[in-house]
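Here the structure comes first, spelled out in structure tokens, and everything after it is commentary.
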Amino acid sequence: MKASSSLVTGGYGLIGSELANTLKGNVAILTRSNKNQSRVTRVSVKTVIKNLLDIKECDVEGYDTIYHCASTVDNYNVLTDPFVDVETNLKGTITLLEACKNLPVKPKIIYLSSFFVYGNEYSRTKKPINEESKTDPLASYPATKLCAESIIKLYSRLYKIPYIICRLTNVYGEKEDYTNPKKGALNYLIMKMIKGEPIAIYKGGNFLRDYIYVTDVVSAINFLVRKGVTNDTYLIGYGNPILFKSLIDYIYEITGKKSKIAEVEPPEFHKIVGTTDFVADTSKINSLGWTPKINYKNGIKRIVKTYNRSQLI
């Protein structure tokens, strides 16, 4: 029996690297650089250093599944270079699909999208968000992610390329960069609190989020692929809303109550593009038999343990 073969774009990212470490069969990574190479611990992974915009048919031929993780990661590009999100999330995705469209056997595209495509729909309706909820992205990052979803569906209809779209809630894990408050803000705050440094929390943390640990995200994606799900969209999250303040209170406790915590008003840009509250209804994937395993306390404990260890090195 032929071993499965998978390509992971953005394979040194938080989610892409976890996928590469857990996938069965032959695994290749497409990446722009060797940054965060250490996240991939699997020895047998093939690495192709190439910009997604330069990908050709020969780069994707022979793969059963392409996990399309390459993406911009926050809302701030519109302030510095408004074309970055379009180049990466839209043009990059179209380039990938163009490379796949004439293959005799089309790979299944697993596209990682974001809960940000819903904007503030939960705050408007007070109804938990599911796959059928209205989308209303508030910034160029989620707008291009949502547009990429539509482009994938178009290519599926035109060229019979199978896909699964996974809209992820807030993903976190111990391998996330803790130096960047724009991406992985929770990890950034955890490290500051481990160091006993003061932190400032927007609105005192009085907003709802759905945090899901990266291993649970990968578990859900692998579950959908094994199930043979095709041409459908799934919201992947922990499924239980939590006040951000509760996360901070827990981190404060287990890091020794050393940091001073201040409440601040978000800057105007954040008020314009930011999601206020988000509550996920994950019953669609749950009904297939998948449930997450890592609650926020266990996830935070893992991160604190890893970061404490890094402070001793």
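No value in this document is a laboratory result; all are computed from the given coordinates. Please read all numbers here as calculations on a predicted model, not as lab measurements. FYI the Cβ positions are ideal-geometry reconstructions off the backbone, even for glycines, and counts take in every protein chain you see.
Just to confirm the filter: which trypsin sites (Lys or Arg not before Pro) across the range 225-297 are DSSP coil and have at most 13 other Cβ within 10 angstrom of their Cβ? Let's see the in-between values first.
Working: sites: Arg226, Lys227, Lys245, Lys257, Lys258, Lys260, Lys271, Lys284, Lys293, Lys297; in loops: Lys257, Lys258, Lys260, Lys293.
Qualifying residues, ordered by number: Lys257, Lys258, Lys260, Lys293.
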Answer with one residue from Asn34, Leu79, Ser44: the one whose Cα lies farthest towards the positive end of the charge dipole of the chain, charges on Cβ with Lys, Arg +1 and Asp, Glu -1. Ser44
Considering only DSSP beta bridges whose two residues both sit in the chain, what percent are antiparallel, to the nearest 5? 5
Amide H contacts of Ile110 (H built 1.01 Å from N, under 5 Å, at least 5 apart or other chain): Ile66, Tyr67, His68, Ile164
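How much mean residue ellipticity at 222 nm does the chain get from its helices, if each DSSP H run of length 4 or more adds -39500 (n - 2.57) and you divide by all residues, to the nearest 500 deg cm²/dmol? Could the numbers behind the result be given before it?
Working: 12 runs with 113 residues, N = 313.
The helix contribution divided over the chain gives -10500 deg cm²/dmol.
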Using the Kirkwood radius over Cα pairs, work out the Stokes-Einstein diffusion coefficient for the chain at 25 °C and 0.890 mPa s, in µm²/s as a whole number. 122
Determine the dipole magnitude for the chain: charges of +1 sit on the beta-carbon of Lys and Arg, -1 on that of Asp and Glu, nothing else is charged, the reference point is the Cα centre, and the result goes in debye to the nearest 20. 840
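If each residue of separation counts as 0.36 nm, what is the full-extension length gain between Asp277 and Ile49 once their alpha-carbon separation is subtracted? Numbers along the way, then the final one.
Working: separation 228, 0.36 × 228 = 82.08 nm, distance 3.82 nm.
Difference between extended and current length: 78.3 nm.
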Between Ser150, Ser71, Ser219, which gets the highest mean-square fluctuation from a Gaussian network model of the chain, Cα cutoff 10 Å? Ser150
What are the residues whose amide H is under 5 Å from the amide H of Ile29, where those residues sit 5 or more places off or on another chain and H is modelled from the backbone? Val8, Lys46, Thr47, Val48
Spacing of the two label points (7 Å from each Cα toward its C-beta) at Leu79 and Ser123, in nm: 1.7
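In µm²/s, what is D for the range 129-222 at 25 °C and 0.890 mPa s, where D = kT/(6 pi eta Rh) by Stokes-Einstein and Rh is the Kirkwood radius from Cα pairs?
Numbers: Rh = 16.2 Å.
Translational diffusion coefficient: 152 µm²/s.
Taking N as the number of residues in the range 195-300, what is its alpha-carbon radius of gyration divided by 2.2 N^0.38 Å? Spell out each step's value before the answer.
On the way: Rg = 16.8 Å, N = 106, 2.2 N^0.38 = 12.9 Å.
Dividing the Cα radius of gyration by 2.2 N^0.38 Å gives 1.30.
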Find the all-direction average of the projected area of the Cα convex hull for the range 256-313, expressing the result in square nanometres with one decimal place. 7.4
Which three extents, in whole angstrom, do the alpha-carbon atoms of the range 74-163 cover along their principal axes, largest first? 46, 33, 16
I need the Debye-formula profile for the range 63-215: one equal scatterer per C-alpha, no solvent, reported as log10 I(q)/I(0) at q = 0.11, 0.12, 0.21 1/Å, two decimals. -0.52, -0.61, -1.41
So what's the gap between the Cα centers of the range 74-149 and the range 194-212, to the nearest angstrom? 26
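Taking square-rooted eigenvalues a ≥ b ≥ c of the alpha carbon gyration tensor, is the range 33-112 rounded, prolate or oblate, where a/c under 1.5 means rounded and, failing that, a/b exceeding b/c means prolate? Please list the in-between numbers first.
On the way: a/c = 2.20, a/b = 1.25, b/c = 1.76.
In terms of gyration-tensor shape, oblate.
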